[in-house]
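The values are calculated or read from the model by the stated rules, or taken from the named source; none is laboratory data. Everything numeric in this text was worked out from a predicted model, so none of it was measured. All Cβ positions, even for glycine, are placed from backbone atoms using ideal geometry, and neighbour counts span all protein chains on display.
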Amino acid sequence: MTELRRLTGPMPPPASPARGRIGGRPAMWQLAEEAPVAFLLNGDSFAVMLASPADLEDLAIGFALTEGLVAAAEEIESLRIAEAQQGYVVNLKLPEARVRAAEGRRRSLAGRAGCGLCGAQTIAAALPPPRRVAGPWPEPAAVARAFAALPGAQPLNASTRSVHGAAFCDRSGRILALREDVGRHNALDKLGGAMLRAGLDAGQGFAVLTSRIGVELVQKAAALGLPFVAALSAPSALALRMAGACGMGLASRAGDGVMMFDPPGCGEDAA
């Protein structure tokens, strides 16, 4: 990527105070901010989503990769961010061939923070086969260590109790990078952008998410080259099948332990 330029001043605080009452007593609460973010490709509208107004560079880079707009961050010729009325505009300059190929992924509706398939116009567009991934899977103890460290690594969620987190861990379960957002998909996109900018090798670690593992998160994780994803909630059956098809391992928290899911086709039922 040759140029990254922010045309606005500092981003606003990711949370704002609100007054209320708890049990009849006056209280203050921090509320997570969310703002519309419009993505342009070479100046033309591509998608609009709601996101936490922080780490927008990471979001843009990760989004471009996980949505298949580019195959590598080096294809992004420039990235500019500007403030707009009640939101932000991110303009990605890509090779024209990439922009033409993205026409099938264009989203004409505003994506909500919790939706991963908004605007997909066909089933094939919603469920493209993910790329194969490769890399070592962590031991259950490493996943458990990552789960234990996750709350302390989320400052925004500690104050608002309302945002998702996505972390990249080494094989021992140590958190190397973490991003937060009101949207679980945005959090993973931001993490992907942060990893690329920091030069972290996705194949040498695993991701930990605060959400359940939906099929769209498997697709995004595969696009980033992550061989293993763990989450606080269990995956859907479709997500597990898709993860198995691309060589990705999945795990979820199970009380005080960790559920390491067998790839589809393994286990007693496959005999």
Could you give me the residue pairs with C-beta distances under 9 Å whose first residue belongs to the stretch 35-63 and is without any contact (Cβ under 8 Å) to a residue 40 or more places away in the chain and surrounded by fewer than 23 Cβ atoms within 10 Å (Cβ to Cβ), whose second residue is outside any loop (DSSP other than H, G, I, E, B) and among the aromatic types (Phe, Trp, Tyr) wherever it lies, and which are 6+ apart or on separate chains? Ser45/Phe39
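Yes or no, residue by residue, for (1) in a strand (DSSP E or B); (2) crowded, with 24+ Cβ neighbours inside 10 Å; (3) outside the structural domain of Glu75 (by TED's automatic domain parsing):
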{"residue": "Ala187", "(1), (2), (3)": "no, yes, yes"}
{"residue": "Phe206", "(1), (2), (3)": "yes, yes, yes"}
{"residue": "Ala221", "(1), (2), (3)": "no, yes, yes"}
{"residue": "Ser233", "(1), (2), (3)": "no, no, yes"}
Using the structure shown, decide if Glu83 is in contact (Cβ under 8 Å) with a residue 24 or more places away in the chain, in a helix (DSSP H, G or I) and not small (Gly, Ala, Ser). no
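Being at pLDDT 90 or above and either assigned by TED's automatic domain parsing to the domain that holds Val182 or in contact with a helix residue (DSSP H, G or I) (Cβ under 7 Å, 6 or more places away or on another chain) (or both) is true for just one of Arg145, Arg105, Arg80, Arg100. Which residue is that? It would help to see each step written out before you state the result.
Numbers: Arg105 fails: at pLDDT 90 or above; Arg80 fails: either assigned by TED's automatic domain parsing to the domain that holds Val182 or in contact with a helix residue (DSSP H, G or I) (Cβ under 7 Å, 6 or more places away or on another chain) (or both); Arg100 fails: either assigned by TED's automatic domain parsing to the domain that holds Val182 or in contact with a helix residue (DSSP H, G or I) (Cβ under 7 Å, 6 or more places away or on another chain) (or both).
When all the criteria are applied, what remains is Arg145.
Just give me the residues in the stretch 69-86 being acidic (Asp, Glu) and either exposed (fewer than 15 other Cβ atoms within 10 Å of the Cβ) or within 17 Å of Ala102 (Cα to Cα) (or both), in sequence order.
If the condition is that a residue be acidic (Asp, Glu) and either exposed (fewer than 15 other Cβ atoms within 10 Å of the Cβ) or within 17 Å of Ala102 (Cα to Cα) (or both), then Glu74, Glu75, Glu77 are the ones that fit.
Scanning the stretch 1-27 for residues that are surrounded by 12 or more Cβ atoms within 10 Å (Cβ to Cβ), modelled with pLDDT of 70 or more and assigned to a loop (DSSP other than H, G, I, E, B), which turns out nearest to the chain's Cα centre (by Cα)?
Quick first cut of the stretch 1-27, residues surrounded by 12 or more Cβ atoms within 10 Å (Cβ to Cβ) only: 1, 4, 6, 8, 11-16.
Add one more test, that the residue is modelled with pLDDT of 70 or more, and what stays is 11-16.
With the extra rule that they be assigned to a loop (DSSP other than H, G, I, E, B), the set shrinks to 11-14.
Values: Met11: 20, Pro12: 21, Pro13: 20, Pro14: 17 Å.
Residue satisfying both the conditions and the ranking: Pro14.
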